[in-house]
Amino acid sequence: MLNSRKKKDLILQSITYFASFISLFVLISILLFVFLNGFKLLNMDLITHNFESTSYIADLKDFTGPGDFTIDKDFNDNTYYSSKWGIALTDDENLMGHTIVLVTYVHPESPFKDLRNKGVATQDLSLGIDYEIIRIAFNDGPSALSIQGAQNMIHVLDTKTTFRELEYSTSGGGIRGSIITTLYLIGLTLLIALPIGVGAALYLNEYAPKNRFTKALRNLIETLTGVPSIIYGLMGLALFVPITISLTKATGANLISGALTLAVILMPVIIRTTEESLKVVPDDYRQASLALGGNKTQTTFKIVLPSAFSGILTATLLAIGRIIGESAALVFAVGTAIKDDVSIFDKSTSLSVHIWAMMTDEPANIELSTTIAIIILVIVLSMNLSIKLISKRLLRKYGVTHE
Amino acid sequence: MRKILAVLALALSFSLAACTSGSSFDDSKNITVYTRDTTSGTRAGFMDGIGFAAAATSDDVLVEGFVIKDNTGIMTSMGTDEYGIGYVSLSSLNNTIKGLSYEGVAPTVANVLNNTYGLKRPFMWMTRDAGDYESTEIEQLVNAFVAFLGTSDAADIINNNGAIALDTTVTWDSIKAQHPITARNNANVTVRFGGSDSIQKVAQALTQAFSAKAGNFVAEHDHTGSGDAYKRTQTIGLSDPVSKHVAFASRYFKDTEKVGVAESAMGQLAWDAIVAIVHKNNPITNITAAQLKAIYDGTYSKWSDVVSE
């Protein structure tokens, strides 16, 4: 008897070990995948730079001929310097992981410092460091292209005495605009979803009569969590986009319609979580408040609501996680155009839609996608920690410790 | 704590064990055949090239058990599936997979340019009909862009992005006077580009370079496939937001697509080579059109059939 129970216990116990082992294994493999793929491209420039790069077309101005710009300076192995032109070029990778030829040094008197703009703008150009050289074209012979590398470009330059055209650009590929969009979306969505969600939860828990209708309503709200988010996206496209176009200066999908769509997605989560936390507020509190002469409304808003504060924070946290992670709905409701100048009346991409855009590129940019995933993980983690900190502070202040 | 560490160590060793696998190639294994879907220009170019034109538009003639994937899907599958075979554009080829020589000629840009590499397809462009634009500015910019495609400046950009430009010596400097629209500020003009997604990278580089030369007009890119090049420039009206001013196809236009399109509204801008790719452990380095056809129609089902030839 005792022996068989021991066996049973052992089996049950090992099932729990096994289950936790599987979940740990899955978690670690995801983390490993994300970090191994994405760590290489992770740097500050990615977060601060614009996505769009600007191209410039230029040629030489008041040019008499190349000079002698020999300098006493050590360069890296993959950097090549032309003493005839006073310019150093490096083989490098840009923020998106594509190989480029980067300007790493320009001599102060180099002819590259004094360029004529061949575009429509009249102001002169000057080549500085951190620009990418795309091509240098010559009147005699083929052009030097960035795909052939920095060494070839310097070699070709050294054999020429002038060039016809220089094409260079700022480095693009940054995700600054998408980070700003994500923050906007979080703010706007919470602004819409929290009051409505918390209000609905208060009604359901405090005011609603306990009858069939309330039960049906609650079930319906719970069912909403199972609807695929792409359906919400289509609803946003069909309903919120036209509404925002007619009410604001927006002309197409925009951040407001995206926030409205997200708010609808989040409503069930917020209502559910808030209601759970309202349920655990002890009835003694309500009765005490009523006994002291407070009416129903005062009791609800001044006693019950502050006591449920930690639950509302949890709801907010869940909501933020969902907003950052959502992509399917936003592809329809906000669009997939990556923007640097974010306006709430215009299309833009959140970080997860940015990943979507990178994965639909030809060929898909898996490295940059996982790098953005790391950034999302860091944002979620820091928000988690800060909200926990805030809630601890507030709880101490209000003195409600019913957890 | 010690228990947690033990579980962690176990998890790590499991994941490491899953990663390391034997690298010996067993040629008695069945070939897994990968292909693009029937709307793909790469597929049309590949099937026409190996003499299996019936497979360009129909899945029924292909070997049983083939796998349909997009460009990226074929690349990543070939990195893990030792017994797979697929095909991609030369511009997508990288060192995670093995590109096979075709009829004894290595897939390099030089071999495509000197016309020895046989498996290639054209990159084509198509514009809207004359007068079918929102404004004359857009029409003039489109005409200027088409002229730019024939210059050596555009050829540089095309070559720089992995495709192979047509031979030309005309420079943009020598013809830009014919397109006065490019001398003014066009920052408020938007031109919509679309069509084949295989050309997207090249097309974006071209419009970025041309925008700097033509008053910084805005180029909006939305690439959905070669089939949409004709549809969205010719059959879809301007009021529809998906309509395009210029669109690209990574295959020759079909006869049905040329009906009613002026000769000046379409043309070729470049060549692109298609490369048959396999896993790095695969010992074969060269493949012929006949072998590829035999693999894709199911005559050869095992790798030993290919190797024994």
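The values are calculated or read from the model by the stated rules, or taken from the named source; none is laboratory data. Because the structure is a prediction, the values reported are computed rather than measured. Here the Cβ is made from the backbone with ideal geometry for all residues, glycine too, and neighbour counts use every protein chain on show. When the accessible area is computed, the model is the full protein with side chains, heavy atoms only, and any ligands, DNA or RNA have been set aside. Shrake-Rupley method; radii C 1.70, N 1.55, O 1.52, S 1.80 Å.
Against the condition of a type in the set (A, V, I, L, M) and open to solvent by 40 Å² or more (accessible area, probe 1.4 Å), how does B:L206 come out, does it pass?
No: the conditions fail for B:L206.
Working carefully through the options B:D240, B:D255, B:D222, find the one that is out of contact with any His (no Cβ under 9 Å at 6 or more places or on another chain), at the interface with another protein chain (Cβ under 10 Å from one of its Cβ atoms) and open to solvent by 40 Å² or more (accessible area, probe 1.4 Å).
B:D222
Filter segment A:1-51 down to residues that are of a type in the set (F, W, Y) and in contact with an Asp or Glu (Cβ under 8 Å, 6 or more places away or on another chain), then give me how many there are.
The number of residues fulfilling the criteria is 1.
So which helices (runs of 4 or more DSSP H) are wholly in segment B:187-287 and hold at least 1 residues that are among the polar types (S, T, N, Q) and out of contact with any Lys or Arg (no Cβ under 8 Å at 6 or more places or on another chain)?
The qualifying helices (runs of 4 or more DSSP H) are B:200-213, B:255-258.
Considering only helices (runs of 4 or more DSSP H) fully contained in segment A:164-235, which possess at least 3 residues that are farther than 30 Å from A:F51 by Cα and open to solvent by less than 30 Å² (accessible area, probe 1.4 Å)?
A:176-202
I'd like the residue in segment B:168-186 that is away from chain A (no Cβ under 11 Å) and assigned to a loop (DSSP other than H, G, I, E, B) and, out of all such residues, is nearest to A:G119 (Cα to Cα).
Residue satisfying both the conditions and the ranking: B:H179.
Within segment A:53-72, track down each residue that is part of a loop (DSSP other than H, G, I, E, B) and within 14 Å of chain B (Cβ to nearest Cβ).
Within segment A:53-72, A:S53, A:T54 meet the criteria.
Are any of the residues in segment A:83-102 touching a Phe, Trp or Tyr at 6+ places or on another chain (Cβ under 6 Å), away from every other protein chain (no Cβ under 14 Å), open to solvent by 20 Å² or more (accessible area, probe 1.4 Å) and of a type in the set (S, T, Y)?
yes
Per-residue answers, yes or no, for (1) in a loop (DSSP other than H, G, I, E, B); (2) farther than 30 Å from A:L32 by Cβ; (3) open to solvent by 40 Å² or more (accessible area, probe 1.4 Å):
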{"site": "A:Q298", "(1), (2), (3)": "no, yes, yes"}
{"site": "A:G311", "(1), (2), (3)": "no, yes, no"}
{"site": "A:L330", "(1), (2), (3)": "no, no, no"}
{"site": "A:M358", "(1), (2), (3)": "no, no, no"}
{"site": "A:D361", "(1), (2), (3)": "yes, no, yes"}
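List every residue pair whose Cβ atoms lie under 9 Å apart, where the two residues are 6 or more positions apart in sequence or sit on different chains, the first residue falls within segment A:199-212 and is within 19 Å of A:Q298 (Cβ to Cβ), and the second residue, located anywhere, is surrounded by 15 or more Cβ atoms within 10 Å (Cβ to Cβ) and among the acidic types (D, E).
A:A201/A:E275; A:A201/A:E276; A:L202/A:E275; A:N205/A:E275
Assess whether A:G335 counts as being part of a loop (DSSP other than H, G, I, E, B) and on the phi > 0 side of the Ramachandran plot.
yes
Looking only at segment A:39-52, decide whether some residue is more than 30 Å from B:L206 (Cβ to Cβ) and either within 12 Å of chain B (Cβ to nearest Cβ) or open to solvent by less than 70 Å² (accessible area, probe 1.4 Å) (or both).
Within segment A:39-52 (the criterion being more than 30 Å from B:L206 (Cβ to Cβ) and either within 12 Å of chain B (Cβ to nearest Cβ) or open to solvent by less than 70 Å² (accessible area, probe 1.4 Å) (or both)), the answer is yes, since at least one residue qualifies.
In segment B:100-143, how many residues are under 21 Å from B:S198 (Cβ atoms), among the hydroxyl-bearing types (S, T, Y) and surrounded by fewer than 18 Cβ atoms within 10 Å (Cβ to Cβ)?
Total meeting the criteria: 1.
If we keep just the residues of segment A:236-255 that are open to solvent by 40 Å² or more (accessible area, probe 1.4 Å) and closer than 16 Å to A:F345 by Cβ, which is nearest to the other protein chains (Cβ to nearest Cβ)?
Looking at the filtered set, the residue picked out is A:T251.
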